[in-house]
Amino acid sequence: MPTPALRHARPLLLLGLAALVAVAVALAPAAPVEAQQAKLDELRGKIGSTQGRIDKRKSRERVLTADIQRQSAKVQGLQGRISTLQSRQNAVQADLDRSEAVLSTTQSDLRRERARLTRLRKQLTRAREVLSARLVELYTADRPSLVSIVLNSDGFADLLERGEFLRRIGRQDQRIVAAVRDARTDAIATEKRLASLESRQRAAARRIEGRRDEIAQVKGGLVSAQQSYAAARDRRKALLKGVRSERQHLEKDLAAMQREESKIQAKLSGMPSGGPVRQGGGRLAWPANGQFTSPFGQRWGRLHAGIDIAVPTGTAVHASESGTVAIAGWVGGYGNYICINHGGGLSTCYAHNSRLGVSVGQKVSKGQVIAASGNTGNSTGPHIHFETRVGGVPRDPMGYL
C-alpha cells in the first residue's frame with residue numbers, strides 16, 4: 001500500500017504531468033495537413049496576385065499594341081502625302097531649272113550685247129573724230145554752204161540725219177556714219193529687248209522659287225509630324241518590349257507556383273505523386289486514372305469550374321455516364337471540348353483534348369472512349385479538365401464521382 005506521504009503526493013504528480021503534456025502539445029509542430037493547407041493557401045494567394053499582375057500587363061500590351069498600330073497608320077498616311085509633295089516639288093524644281101537655264105542664256109546674250117554696244121560706242125567716238133576732222137577740212141576748203149549746214153544742225157545726231165550733209169561728204173564717210181549709226185541703233189534695241197527678257201525671266205524664276213519653297217515648307221511640316229509619330233511609336237515599342245518581358249517572367253513564376261500547388265494538392269488529396277485517382281462511390285465514373293492536380297473553386301481570382309486530372313497526352317478519355325453529346329468542338333480557352341447531356345439537367349464536360357472521338361447528337365454509353373487527352377486551349381500542361389453542370393451551372397464534380 002502507498003504510504004500516506006505518497007498518497008498526498010499523487011495529485012501533485014498528476015497535475016504536474018498534465019501541465020507537462022499541455023506544454024508539449026503547445027510546443028508541438030502543427031499537424032502536417034494543417035501546415036500543407038496553410039502553405040497551399042499562401043501559395044494560392046501568390047498565384048492570384050501574380051495572375052492579376054499578368055492580366056494588367058496583358059492589358060497594357062493590348063493598349064500599347066493598339067497605340068503602335070495607330071502611330072504606324074499615321075506614319076504611313078503621312079508618307080503618302082510626303083511622296084505626293086515630293087513629286088510636285090521635283091516637277092517644280094525641273095521647271096525652275098529650265099527657267100534658270102533660259103535666264104542664264106539671256107544674261108549671257110545680254111552681256112555680249114552690252115560688250116558689243118561698248119565697242120560700237122568707241123567706234124562712234126572714233127567716227128565723230130573722223131567727221132570732225134573732215135569738217136575742218138571742208139571749212140578750210142572754203143565751202144561755207146556745208147559749214148552753215150553744220151552750224152544749223154541740232155547736235156551731232158541731227159547732223160547725221162540731214163541728207164544734204166550726207167550728200168556733201170564723201171562716200172567713204174557716208175558708209176562709216178551709216179554703219180556706226182545702224183549698229184548703234186541695233187545694239188541699243190537688242191539691249192533693251194534682252195533687258196526686258198531678263199526681267200521677265202527673273203520674275204518667272206522668283207514665282208517658281210516661291211512655289212517650290214511653299215511646297216518644301218508644307219513637306220517639311222509633314223516630315224516633322226511623321227518623325228514625331230515615328231518617335232512616339234518607337235517609344236511605345238520599347239515600352240511594349242519591357243512589359244512583354246515582365247509578363248513572360250511572371251508567367252514563368254506562375255507556372256512554377258502552379259506546379260508547386262499541384263504537388264501540395266496531391267499530398268492533401270491523400271494520393272502519392274503520380275498515382276491514380278481514387279474511385280468514388282457516386283453516380284459518375286472518373287474519365288481517366290491520373291494525378292489529381294486542381295480542385296473545383298476559386299483560383300487566381302476566378303472560378304475554376306471543374307477539377308484537373310494530369311495524364312499524358314493521348315490518354316483515353318471515358319464518358320462518366322451515358323447520354324447524348326451536346327458539344328464537340330473547339331471552345332475558346334477550353335480547346336477541344338466535349339459536353340454530354342445525361343438528362344435531368346445534369347451534364348459532364350471534358351476540356352483540352354488533343355483529339356475528339358464523338359460528334360454532336362451522338363449517343364454514348366458510360367465508360368465509352370470519347371476523346372484523347374491533350375493540352376489544347378489555355379492549358380499549362382497535358383491534363384483533363386472535367387466539369388459537372390446542373391442546368392448549365394458548374395458544380396463540384398467531387399460530389400458526383
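Roughly speaking, what is the stretch gain from residue 59 to residue 260, that is 0.36 nm per residue apart minus the C-alpha to C-alpha distance, in nm to one decimal? The partial results should precede the final answer.
On the way: separation 201, 0.36 × 201 = 72.36 nm, distance 2.68 nm.
Answer, rounded to one decimal: 69.7 nm.
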How much FRET efficiency would the formula 1/(1 + (r/R0)^6) give for residue 331 and residue 76, where r is the Cβ-Cβ distance and R0 is 41 Å, rounded to 0.05?
0.65
1/(1 + (r/R0)^6) with r = Cβ-Cβ of residue 107 and residue 87, R0 = 25 Å, i.e. FRET efficiency to nearest 0.05, evaluates to 0.25
Modelling each spin label as a point 7 Å along the Cα-to-Cβ direction, I'd like the residue 322/residue 396 distance in nm, to one decimal.
3.0 nm
Simple spin-label model, 7 Å along Cα-to-Cβ: residue 378 to residue 39 in nm?
2.8 nm
Just grab the label-to-label distance for residue 365 and residue 302, each label 7 Å out from Cα along the Cβ direction, in nm (one decimal).
3.9 nm
If you take every residue apart from residue 233 with its C-beta less than 13 Å away from the C-beta of residue 233, what net charge results, scoring Lys and Arg +1 and Asp and Glu -1?
+4
Residues whose placed amide H lies under 5 Å from that of residue 304, excluding near-sequence neighbours:
297, 298, 299
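So if R0 is 35 Å, what FRET efficiency would residue 196 and residue 125 give, r being the distance between their Cβ atoms, rounded to the nearest 0.05?
Values: r = 27 Å, r/R0 = 0.78.
In this case the efficiency is close to 0.80.
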Between residue 118 and residue 209, what length in nm is gained on full extension when 0.36 nm per residue of separation is reduced by their alpha carbon distance?
29.4 nm
State the extension gain, in nm to one decimal, for the chain segment bounded by residue 97 and residue 216, taking 0.36 nm per residue of separation less the distance between their alpha-carbons.
41.2 nm
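None of the figures in this text is laboratory data; all of them are computed from the coordinates on show. All values derive from a computational prediction rather than experimental measurement. Using ideal geometry, Cβ is built from the backbone for each residue, glycine included, and neighbour counts are taken over all protein chains shown.
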